[in-house]
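Okay, so here's the structure we're looking at.
The values are calculated or read from the model by the stated rules, or taken from the named source; none is laboratory data. The model shown is predicted, which means the values in this text are computed figures rather than measured ones. Neighbour counts are summed over all protein chains in view; Cβ atoms, including those assigned to glycine, are modelled from backbone coordinates with ideal geometry.
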Amino acid sequence: MRKLLNTLYITKEDINIGRDGTNLVIYKDGDKLGQYPVQYFENIVCFNYTGMSPSSMALCLESKVGVSFMTPNGKMLARVSGKTNGNVLLRREQYRIADDEKESLRFAKLFINGKLYNSIKVIDRGIRDYQERSFAFELRIIKESLIDSKANLDESDNLQHVLGIEGDASRNYFKGFKHLILNQEHEFNFYGRNRRPPTDPVNAMLSLSYGMIRVLLENALETVGLDPYVGFLHQDRPGRTSLALDMMEELRAYMGDRFVLSLINRKQIGENDFFVKDNGAVLFSEEGLKKYLDLWNKRLQDEIRHPFLEESINIGLIPYVQSLLMARTIRGDLEMYPPFLMK
């Protein structure tokens, strides 16, 4: 199995990345802070607006290091893409499926089935661990509604219906999310999902976590030879990596939601790690973002046993493994794509 490499995060506005041979050089206000071999990294994520020199971008592209530019709240601004990887026949088959509504529907239902299954697992753990708490009854009702959504999904015969089921299920799921915040619940009030911009710390962390998953998926899809811009559930839109968004659905609960809950309940992140902008947007402070990214990196290094491969892998490799399974399915090596299902 492939080894999980490091991700370099650039968070300060006065930091720039240059190149010296096959090394990436970090500068601050023109002064050299250090340099690292490019092969040390798997991804580079810039949260600043200074960025990188063209030569350092070229080095990353030559070395298959993903480069992404994001806002501090996790919104994707740009992604640097190099020469297309993979067999052209694989991508042609991907495009054929995307143009076939029946085939697209088959994949779309698998993505959302995985999302609903994992959402139920998160709620079910809350019921099991906190069955004596007053909110356990409400969590049981939410669980039943998600189970009903799974049943309705099986009967769906068009993509719009699938999207409708997903939207209703997400709203129900997040009604119970607040009950899973057991420490610092007054500091981390949660009244439902909001974004663009997020207006509370919980939504700020969710948005950023989903953005980080999307970066991993985009780069993984490119690595295995698929086109991240052509999806089966999310329709084509200029600049939107629709296949990455499709495959994010099954990973949100495990890689995003559970991570955010652990940060709050373990008191690894506090209310002082955020600030409110004039427009009401809630963002990480500079130190808060550093803390979050350090904890995110540590989480990606944790090992699990992949439910389909039955092999131990780092959590950070889940997007790559799922992308590989997707490529194998499109190529015809697997009869059906196996979404990632929590144990």
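Taking each residue of the stretch 279-292 that is free of Cβ contacts under 8 Å to residues at least 60 places away in the same chain and looking for partners that are surrounded by 17 or more Cβ atoms within 10 Å (Cβ to Cβ) with beta-carbon atoms closer than 8 Å, six or more apart or interchain, yields SER285/ASP273; SER285/PHE274; GLU287/ASP273; GLY288/ILE269; GLY288/ASP273; GLY288/PHE274; LYS291/ILE269; LYS291/ASP273. In summary, ARG140 fulfils each of the numbered conditions (1) farther than 14 Å from PHE174 by Cα; (2) of a type in the set (D, E, K, R); (3) assigned to a helix (DSSP H, G or I) with the single exception of condition (1). Can you say whether LEU4 is modelled with pLDDT under 80, under 23 Å from the mean Cα position of the chain (by Cα) and outside any strand (DSSP E or B), as far as the supplied structure shows? Taking the combined requirement at face value, the residue satisfies it. Within the stretch 116-127, not a single residue is over 24 Å from the mean Cα position of the chain (by Cα), surrounded by fewer than 15 Cβ atoms within 10 Å (Cβ to Cβ) and either in a helix (DSSP H, G or I) or modelled with pLDDT of 95 or more (or both).
Of all the residues in the stretch 277-302, those that are outside any helix (DSSP H, G or I) and surrounded by 13 or more Cβ atoms within 10 Å (Cβ to Cβ) number 5. With respect to the stated conditions, ILE269 fails to be part of a helix (DSSP H, G or I), within 15 Å of LEU206 (Cα to Cα) and either assigned by TED's automatic domain parsing to the domain that holds PHE41 or touching a residue at least 60 places away in the same chain (Cβ under 8 Å) (or both). Does PHE308 fit the bill of being surrounded by fewer than 16 Cβ atoms within 10 Å (Cβ to Cβ), in contact with a strand residue (DSSP E or B) (Cβ under 7 Å, 6 or more places away or on another chain) and of a type in the set (Phe, Trp, Tyr)? When the stated conditions are applied, PHE308 does not pass them.
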